[in-house]
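The structure appears below as structure tokens.
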Amino acid sequence: MRLFLLSFIYLLGLTALHAATLAEYTFEDPAQDEDFREIIEEMRCLVCQNESLAGSNAELAIDLRNEIYDMMKGGQSKGEIIDFMVARYGDFVLYSPPVKPSTYPIWFGPLIVFLIGGVVLFRIIKRKNQSRETELSEAEQERLEKLLNQSNEQRDTNQ
Amino acid sequence: MNRYLRYSVPLIVFGIIAAFLYKGLGMNPREIPSPLIGKSIPEFSLPSVESAQTMINDQNLKGKIYLLNVWATWCVSCRAEHDTLVHLARSGKVEIVGLNWKDERVKAQAWLQQLGDPYTVNIFDQKGRTAIDLGVYGAPETFLVDGDGIIHYKHAGPLTLGVFNETLLPMINDLKAKGS
């Protein structure tokens, strides 16, 4: 229990630290503030690759945050800043890669697989339905009727 | 025929997945293709490691093929690659320009005095601003730059003689053949 509490306090401390590192970036315009937060959330920290620029405390991430902050303060738009980053670090810096021929497989691949799955499923269901509808031969028909009559007779006697 | 085809479907699917995983898991996530290949090195004007008064800019470096090596004294892998750099510099096969990244001047100077100085020019980028323009995300990184200041190759991680001889040296020889 004590361990749990300690780790909980530790985690609280971490989030406070995280918040503190971003609180230093303030803008007069709330729209700009929102843009800034969006940009650093969408950018990958290249040192610790599974963290965003917003979440990372790596030196380079701090430098890049400062750089982006200065650029925004200097009046540059979100698009310009994204171009600046991509020109230096490549598409890899973006968490969602741009749609272009080399990224078609990752954007449309799942859709294509989904469609193939749909076609396969459709054909299987269709085939099952068909096999159920096959007509009975004369002998089978006769037997079926016999069985049905039999059960009806049975029911009559039971009543 | 149809039956064989149907039974081979899982095998084919497995084969495709295995091929992607084999390729994908074998790739190094640290090796990020640089968008700067084929482009000019960024404009800069920075002091040298030796002296705050000596300024170096991108124009000063034109007219020769060189390796631009990003290094720092806090970087462990740079220590590992340093002997290779000294060896290469002594061999005379290529000139090495240093970009000292987010470091302290005194420490950098002491490092060079102690371990040998492979750099003909050593740029002191304390703020790391030029390193950002170069798309540096870790040290060491080594760029191959030609006489016009165009970047031809980037190697992330410690430079080894193997990488130099197999990849960089042929490119350097090509550039020399074209340039002369």
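Assorted remarks:
- When B and A come together, around 1300 square angstrom of accessible surface is lost from both chains combined, probe 1.4 Å.
- Contact order normalised by residue count of chain B, Cα under 8 Å, 6+ apart, percent: 27 percent
- What the Cβ-Cβ distance of residue B:76 and residue B:167 gives, at R0 = 30 Å and to the nearest 0.05, is a FRET efficiency of 0.85.
- Stretchable slack from residue B:178 to residue B:53, in nm (0.36 nm times residue separation minus alpha-carbon distance): 41.4 nm
- For the stretch B:82-180, the Kirkwood hydrodynamic radius from C-alpha pairs, put into Stokes-Einstein at 25 °C and a viscosity of 0.890 mPa s, yields a diffusion coefficient of 170 µm² per second.
- When the C-alpha to C-alpha distance is required to be over 32 Å, the pairs from A:100/B:127; B:23/B:127; A:78/B:102 that qualify are A:100/B:127; B:23/B:127.
- Of B:57, B:69, B:28, the residue with the greatest mean-square motion in the GNM of chain B, using alpha carbon springs below 10 Å, is B:28.
- Between the residues B:114, B:170, B:54, the greatest Cα displacement towards the positive end of the dipole of chain B, with unit charges on the Cβ of Lys, Arg, Asp and Glu, is found for B:170.
- Where labels lie 7 Å past Cα in the beta-carbon direction, separation of residue B:152 and residue B:106 in nm: 4.1 nm
- For the stretch B:1-156, alpha-carbon Rg over 2.2 N^0.38 Å: 1.44
- At full extension, residue A:77 and residue A:32 could sit 15.3 nm farther apart than now, given 0.36 nm per residue minus the alpha carbon distance.
- Loop-located trypsin sites (Lys or Arg not before Pro) across the stretch B:101-180 with a Cβ neighbour count of 16 or fewer within 10 Å are B:127, with loop assigned by DSSP.
- Dividing the Cα radius of gyration of the protein assembly as shown by its Kirkwood radius returns 1.26 for Rg/Rh.
- Here r is the Cβ-Cβ distance between residue A:139 and residue B:16 and R0 is 41 Å; the resulting FRET efficiency, rounded to 0.05, is 0.25.
The values are calculated or read from the model by the stated rules, or taken from the named source; none is laboratory data. Since the model is a prediction, treat every value here as computed from it, not as a measurement. Ideal geometry is used to build each Cβ from the backbone, glycine not excepted, and the neighbour counts take in all protein chains shown. Just so you know, the surface numbers come from the protein's heavy atoms only, side chains and all, with ligands and any DNA or RNA stripped out. Shrake-Rupley method; radii C 1.70, N 1.55, O 1.52, S 1.80 Å.
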